Amino acid sequence: MPQIHLCFLWHMHQPFYKDLISGEYRLPWTRMHGLKDYYGMAKILDEFPQVHQTFNLVPSMVVQIEEYARGVAKDPFLEVALKPAEI
């Protein structure tokens, strides 16, 4: 049977959502996709060791994820979500 060689290239991008004047993130999409999608796409490869994929990460996305990972991102949406319900 003939073999087919495929190349999977995932282009992962996010616009830069940080307001450079206030320092706050104006939209939560990088954080939400980072938690919901980006990790899961790489993690699922553990189940398929013969499958190889390439992920292209754009700098604006990497910078934002790094800020969230370091705990320095000012995200008003996250601040509201973390407030206890009784307040």
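The values are calculated or read from the model by the stated rules, or taken from the named source; none is laboratory data. This structure is a prediction, so every number in the text was calculated from the model and none was measured. No Cβ is skipped: glycine too gets one built from the backbone with ideal geometry, and neighbour counts run over all protein chains shown. SASA here: full protein model, heavy atoms, side chains in, ligands and nucleic acids out. Shrake-Rupley method; radii C 1.70, N 1.55, O 1.52, S 1.80 Å.
One table, with the values for the structure above:
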{"read-out": "Check on residue 6, open to solvent by 70 Å² or more (accessible area, probe 1.4 Å) and without any contact (Cβ under 8 Å) to a residue 24 or more places away in the chain", "value": "yes"}
{"read-out": "Output for the range 59-87, where each listed residue is touching a strand residue (DSSP E or B) at 6+ places or on another chain (Cβ under 7 Å) and part of a loop (DSSP other than H, G, I, E, B)", "value": "73, 75"}
{"read-out": "Tally, over the range 27-74, of residues that are open to solvent by 60 Å² or more (accessible area, probe 1.4 Å), in contact with a Phe, Trp or Tyr (Cβ under 6 Å, 6 or more places away or on another chain) and under 29 Å from residue 4 (Cα atoms)", "value": "1"}
